[in-house]
Every structure is written in structure tokens, then in C-alpha cells.
Amino acid sequence: MCGIIGYIGQKDVVPILVEGLKKLEYRGYDSAGIAVVDENQIHLRRVKGKISDLVKNLKSSAPDGSFGVGHTRWATHGRPSEENAHPHRDCTDSLVVVHNGIIENYLALKKKLLKEKHTFRTETDTEVIAHLVEKHFQSSLEEAVQKAVQEIEGAFAIAAISLQDPGKIVVAKTGPPAVVGLGEGEYFVSSDLNPLLPHTQKIVFLEDGEIAVLDSQGAKFLSFQGKPLKKKEDLITWSPLMIEKRGFKHFMLKEIFEQPQVVRDTLKGRISLDSGKVFLEEIGIPAQALTKIAKVVVIACGTSYHAGLVAKSFIESLVRIPVDVEFASEYRYRDFILDKNTLVIVISQSGETADSLAALRAVKKSGARTLAVCNVVKSSIARVADGVLYTYAGPEIGVAATKTFSAQMAALALLALYLGQVRGTLDEKRSIPLIEDLQRIPHRMEDILNQAQSIEKLAQEFLSFSHFLYLGRDINFPVALEGALKLKEISYIHAEGYPGGEMKHGPIALIDEKMPTMVVVPKDHVYEKMLSNMSEIKTRVGYILAVAFEEDKEIRDKVDRVIPIPSTGPLFTPFLTTLPLQLFAYYIAAKRGADVDQPRNLAKSVTVE
Ligand code: F6R
């Protein structure tokens with residue numbers, strides 16, 4: 001939430017900051033701003049609205065300069081407005097700060113600073129940072145930042161510039177991410193890798209409690225206490241092309257279509273059909289330790305939580321150990337019971353979600369083994385967990401998660417197979433057909449994507465509905481939840497997901513001709529049960545759309561519309577049932593004119609509580 005960017009080098013800074021902010025816009029988009037240093041002046045440009053509004057503002061006269069910082073905001077303290085947009089200034093206008101995170105003690109700090117005669121101009125928590133740095137400034141910006149961060153409680157990644165100590169950007173982080181890009185005579189800071197990819201692949205990931213000082217000569221690193229640090233450089237292999245739309249109208253649509261490849265990439269090199277083996281030694285938790293696990297707890301938020309519910313079925317079925325799936329935001333405050341024989345899996349595509357990270361940190365104290373399932377290499381969650389299982393979805397720009405969900409399911413299916421293998425609950429006879437099934441999934445996904453046009457046509461008929469119900473059972477109940485989440489978050493149509501059998505305990509009261517129901521009904525062991533649930537809806541004049549196997553002729557008389565999908569073994573149906581629901585939500589939202597990639601009120605990476 002919120003994106004920060006900074007550049008120092010020889011080039012014109014404004015296009016670099018603006019292009020960077022466009023790539024960070026998924027993190028927040030209610031206001032934006034830049035500060036550019038030219039000779040001995042800081043030029044500030046801030047707007048309420050999106051980066052496109054900032055671009056319009058800069059069109060008439062963009063400031064010149066070769067270093068500066070920028071910010072795209074997702075408001076927490078202070079409504080979206082030009083005044084509350086970052087960068088924020090000190091009293092003298094000679095120091096600016098951009099910030100991602102929340103300063104928890106900002107009211108107490110503000111009170112103190114007001115007594116010391118600092119003048120505040122905004123309603124934000126960030127402004128206290130500018131005044132704190134001003135207060136502590138003697139001659140070096142990094143020293144002032146060091147002193148300021150000692151007083152701050154909360155989560156922050158900040159970048160500061162001062163005219164009193166010119167020619168440098170000082171970055172400090174504890175909580176939200178900050179990455180430093182090392183170019184040839186040019187240096188960058190950003191909230192994530194995406195803005196850096198067109199410029200450099202040499203990256204340094206800042207850890208909590210660290211400061212980076214960037215000037216035209218290079219980057220140096222310090223602890224909050226001022227101790228010099230030697231940091232490792234990483235070479236990032238993501239290519240800048242991965243973050244282009246490539247002819248698709250929206251990133252979300254492009255990312256939906258990337259799913260077959262994403263599943264292939266996530267499986268690649270990790271399975272052998274000949275031996276029926278899965279190779280996941282890379283996760284960094286010894287197989288011996290995995291044999292002692294008596295319970296699994298999965299912790300995640302949103303779509304990643306739904307992947308966790310699917311994983312529950314994978315693991316319980318193949319490994320025969322109980323799995324609890326928990327919302328990170330709830331679990332972190334619970335009096336949980338864990339021990340060293342529990343494996344805690346934290347699923348997070350970004351690896352930066354504040355609730356998931358905090359839950360992971362809390363859990364680590366209990367002695368439980370922790371494993372992260374992340375899409376972003378070296379993200380905070382990946383670094384804090386004992387082990388990490390990466391998904392290979394590439395950067396996901398659309399705020400609504402799609403391809404990372406499929407990649408998470410693929411990684412978690414592998415994990416379940418691997419656990420079954422090392423614990424001896426899964427022999428070759430059972431694992432080979434499962435691996436075969438898994439390998440065929442991308443191909444079947446392509447079949448579904450090839451009929452996207454018919455889903456688009458179907459979506460056209462449902463643009464004016466205000467409510468939807470999504471039903472599924474067993475492993476397809478999380479798919480129903482995910483389908484409902486996609487629809488509500490991008491089209492703003494109210495949608496709820498329910499297990500089919502729960503309908504009669506309340507939600508059936510909602511059924512009428514204005515409330516269509518989407519049922520996820522592959523031919524599995526709960527198929528007949530779903531048919532009964534559907535018949536209960538039909539009796540009450542409800543309209544039913546069904547995602548069902550194409551060979552299932554029986555379903556056609558029982559529902560109003562069918563979205564056919566190829567068949568697969570029961571355990572892996574969610575890979576296929578999810579796709580039509582993503583497409584259905586996408587086309588409805590796009591046709592209603594919604595801002596599909598950047599839905600209102602949302603941000604992709606939720607780095608605040
Ligand atoms: C929904 C969506 C969110 C995220 C959630 C967790 O489309 O994208 O619900 O799934 O914010 O994010 P990660 O996986 O980054 O922890």
C-alpha cells in the first residue's frame with residue numbers, strides 16, 4: 001500500500017519517477033506526487049487522483065533535475081487530497097519525505113512537535129517524519145534520519161531528501177518493503193522490483209532496521225544505529241516485458257491468459273513422471289523434520305486464503321494430517337496453540353501482506369516450523385519463514401489476483417504430493433496418475449481460455465444484476481468463494497460464496513429471479529449433493545449458471561446455462577473451475593466500465609494492518 005520511488009543519476013528524473021509510479025500504481029492510487037531537486041530548489045508536484053492526473057499536471061511544465069522521489073498513495077491517515085499527497089515537507093520546505101506504512105505514535109509525536117513550534121500542513125501521519133528529521137538535523141541527513149526513526153513506532157519505508165545535505169537520497173525501512181537498484185552511475189529505490197527492471201537487474205533488498213544512502217557515486221548501507229553494513233547484491237531474472245500488457249485490454253485479462261504457462265513454470269523441474277516423484281528439497285526444511293509434523297496450519301488473506309482452503313483438501317487427502325486454514329488478520333491476535341510438530345504455511349503472493357507477516361512472526365516464537373509460499377523472491381515473508389516454496393507466476397499487476405492463485409494451487413499440490421512421499425502415505429501407484437493429471441492441467445486450461453468469447457457473451461446478459469450467489473462443495477467451495485470475491489472486487493456487484501449444503505440454513509431465503517446462482521459442479525463425490533442443492537434453488541424460481549464438465553449431459557436440464565470445462569481427476573478440478581469464474585467476473589466488470597486493474601478502495605499489496 002502506497003508506492004515509493006527514488007532516483008539519483010545523470011538522466012532527467014521526471015520520466016523515471018513517473019514511469020516508476022505507473023508500475024507502482026497498483027499499490028495505491030488516490031493521489032500521487034513527486035519532488036525533484038534542481039540546483040538548490042525542491043520542486044513539488046502533487047495531485048489528487050491517479051498517476052495519469054499527475055502526468056497531466058506535469059505536461060504544461062515539468063521540473064528539471066536529475067534526482068528526486070515520488071509516491072503513489074493509498075490513504076490511511078487523512079483523506080485523499082492534494083495537500084495530503086506525498087512528498088511531505090518540513091517547516092523550512094528544504095526537506096521532503098515519501099512514506100509507505102503507518103506511524104502508530106504519530107499523534108503523540110505531532111503533539112510534541114507542535115509544542116516545539118513545528119507547523120503542520122496536512123492530516124497525515126507521514127508529516128511527523130519530515131518534522132522529526134528536521135528537528136534532528138545537524139549536518140548529515142542520514143544521521144538525522146537515524147535519530148528520527150528511533151522515535152517512530154509502526155511500519156515504514158521512507159525516502160528523504162534535504163537541501164541542507166544535498167545530492168543524496170536517504171532510505172530507511174522497518175516493515176514495508178524497500179529495494180535499492182544499482183545501475184551504472186545511477187541508483188534507485190522502490191517499493192518493489194517492477195520499476196527497476198527496465199533500468200537494472202542488480203538489486204539490494206533492505207532488511208528491517210536498515211538505512212540506505214544513495215548518491216551519484218553509489219549506495220552505502222547502515223543500521224538504524226549507524227553501523228556500516230555490507231549488503232549482498234542479487235541479480236533478478238524477471239524481464240521488463242513481463243510487466244507490459246502485450247495487446248490485452250487489461251493486465252487482469254493478460255494474467256488470466258497466462259495461467260497455463262504459470263502452472264507449467266511452477267511445476268517445471270519439480271516432478272518426474274517416470275518415478276512418480278516430486279522434488280521439493282529446495283524449500284529448505286529437511287524431509288526428516290517433515291516426517292514429524294502432526295498438524296498443518298495455513299495462514300493467509302484474501303485469494304491466498306482461498307488457495308489455503310484448496311490446499312487443505314490436497315494435504316488432508318494425500319498426507320492424512322489435519323489442516324486448519326486461518327485468516328492472518330484473525331490468527332495474529334489469537335491465543336493459538338502450536339508446537340514444534342506443527343507446520344505453519346503462510347501463503348502470500350506479494351510476500352509483504354502486513355497481517356500475514358505479523359502472524360508469521362508471532363507463530364515463529366511458538367517453535368513451529370514455518371514455510372512461506374510466495375511469488376516474489378526475497379519478499380519479507382519469504383525471508384522470515386524457515387523455508388520457502390516459490391510460485392513462478394511472474395509479476396502480477398492487476399489488483400485482483402488470478403494467475404498467482406493458480407500458481408499457488410500448483411505449488412501447494414506439489415507440496416502435498418511431496419509430504420505424502422516423504423511421509424510414506426503416497427506410493428508410486430497413486431502418485432503417478434496424480435502427477436499425470438497435474439501435468440495435463442495447463443493444456444486443459446488452454447481449452448477453457450479458447451472459449452473465452454462464449455463466456456464474454458454470457459457475461460453480457462448479467463451486467464445489470466446487483467447480487468450473485470456462488471455455490472460449491474468440498475474442494476470447490478473455495479472456488480465459489482474465489483469466484484464471488486473476483487466479481488465483487490472488480491465489478492462492485494454484491495456476491496457471496498457458500499458451501500452448497502449451507503444454503504438451506506439461511507441464504508436460500510435470498511433466492512428470487514433477481515439473484516442468479518453460479519454453481520461449481522464438476523462430477524465428483526459431491527456431485528449428487530450439489531444437484532439436490534440446485535433443485536432447491538430451482539424450486540424457488542432461482543436462475544442457475546453452472547460450471548460443469550463438458551461431458552456432463554445430465555446437468556443441462558437442471559440449470560439455465562452451462563459453462564463447460566474439460567474433465568480432470570477430482571483433486572485438481574479447482575484449476576479448471578476457477579478460470580471461467582475469473583473470466584465471467586472480468587467481462588462483467590470490463591463491460592460495466594469498471595477500472596478492472598485498479599478497483600476502487602483496493603491496493604494490491606496490503607502492507608498496513
Ligand atoms: C484478491 C486479492 C487479495 C489478496 C490478499 C493477499 O483478488 O488479490 O485478496 O489475495 O490481499 O495478498 P497476498 O497474497 O499478497 O498476501
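Every number in this text was worked out from the coordinates using simple rules, so none of it is lab data. As the structure is a prediction and not an experimental result, all values here were calculated from the model. FYI the Cβ positions are ideal-geometry reconstructions off the backbone, even for glycines, and counts take in every protein chain you see.
Some values worked out for this structure:
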{"read-out": "Extension gain from residue 76 to residue 52, taking 0.36 nm per residue of separation minus the Cα-Cα distance", "value": "6.5 nm"}
{"read-out": "Calculated FRET value between residue 117 and residue 249, using beta carbons and R₀ = 56 Å, to 0.05", "value": "0.55"}
{"read-out": "Rounded, prolate or oblate (a/c below 1.5 giving rounded, otherwise prolate when a/b exceeds b/c) for segment 25-130 by Cα gyration tensor", "value": "oblate"}
{"read-out": "Relative contact order (%) - criterion: Cα under 8 Å, at least six apart; region: the chain", "value": "12 percent"}
{"read-out": "Simple spin-label estimate for residue 241 and residue 41 in nanometres, 7 Å along Cα-Cβ", "value": "4.3 nm"}
{"read-out": "Total lysine pairs under 15 Å (Cα atoms) in segment 500-577, excluding pairs fewer than 8 apart on one chain", "value": "8"}
{"read-out": "Estimated inter-spin distance, residue 463 and residue 428, nm [label 7 Å along Cα→Cβ]", "value": "5.7 nm"}
{"read-out": "For residue 420, net neighbour charge (Lys/Arg +1, Asp/Glu -1) across residues whose Cβ lies under 14 Å away", "value": "+2"}
{"read-out": "Per principal axis, descending, Cα span of segment 292-380 in whole Å", "value": "30, 25, 23"}
{"read-out": "At R0 = 22 Å, FRET efficiency that the Cβ-Cβ distance of residue 19 and residue 450 yields, to 0.05", "value": "0.05"}
{"read-out": "Cut-off 13 Å, label 7 Å out along Cα→Cβ of residue 215, residues of segment 154-187 by amide N", "value": "162, 164-170"}
{"read-out": "Straight-distance crosslink candidates among lysines, where the alpha carbon sits under 29 Å from residue 227 and sequence neighbours closer than 8 are dropped", "value": "110, 112, 135, 147, 168, 173, 202, 364, 365, 378"}
{"read-out": "Least to most buried among 392, 187, 305 (fewest other Cβ within 10 Å first)", "value": "392, 305, 187"}
{"read-out": "Over the chain: helical MRE at 222 nm, DSSP H runs n ≥ 4 each giving -39500 (n - 2.57), nearest 500", "value": "-10500 deg cm²/dmol"}
{"read-out": "Loop sites in segment 260-307: trypsin sites (Lys or Arg not before Pro), DSSP, at most 13 other Cβ within 10 Å", "value": "268, 292"}
{"read-out": "Mean shadow area of segment 187-245 over all directions, Cα convex hull, nm²", "value": "4.5 nm²"}
{"read-out": "Neighbour-count order for 523, 59, 23, fewest beta carbons within 10 angstrom listed first", "value": "59, 523, 23"}
{"read-out": "Inter-label distance, nm, simple model (7 Å from Cα along the C-beta direction), residue 93/residue 532", "value": "7.5 nm"}
{"read-out": "Where trypsin sites (Lys or Arg not before Pro) fall in DSSP loop in segment 87-195, at most 13 other Cβ within 10 Å", "value": "117, 121"}
{"read-out": "Neighbour-count ranking [beta-carbon atoms within 10 angstrom, fewest first] of 558, 529, 365, 403", "value": "365, 529, 558, 403"}
{"read-out": "Computed Rg/Rh of segment 106-158, alpha carbon atoms with Kirkwood Rh", "value": "0.93"}
{"read-out": "Whole-Hz ³J(HN,Hα) from phi, Karplus 6.51 cos²θ - 1.76 cosθ + 1.60, for segment 551-562, glycine and proline x", "value": "7, 7, 7, 4, 5, 4, 7, 9, 9, 7, 9, 10"}
{"read-out": "HN-Hα J in Hz across segment 278-284 - Karplus 6.51, -1.76, 1.60, θ = phi - 60°, x for Gly and Pro", "value": "10, 10, 10, 4, 4, 5, x"}
{"read-out": "Kirkwood-Stokes translational diffusion coefficient of the chain, alpha-carbon pairs, 10 °C, 1.306 mPa s, µm²/s", "value": "63 µm²/s"}
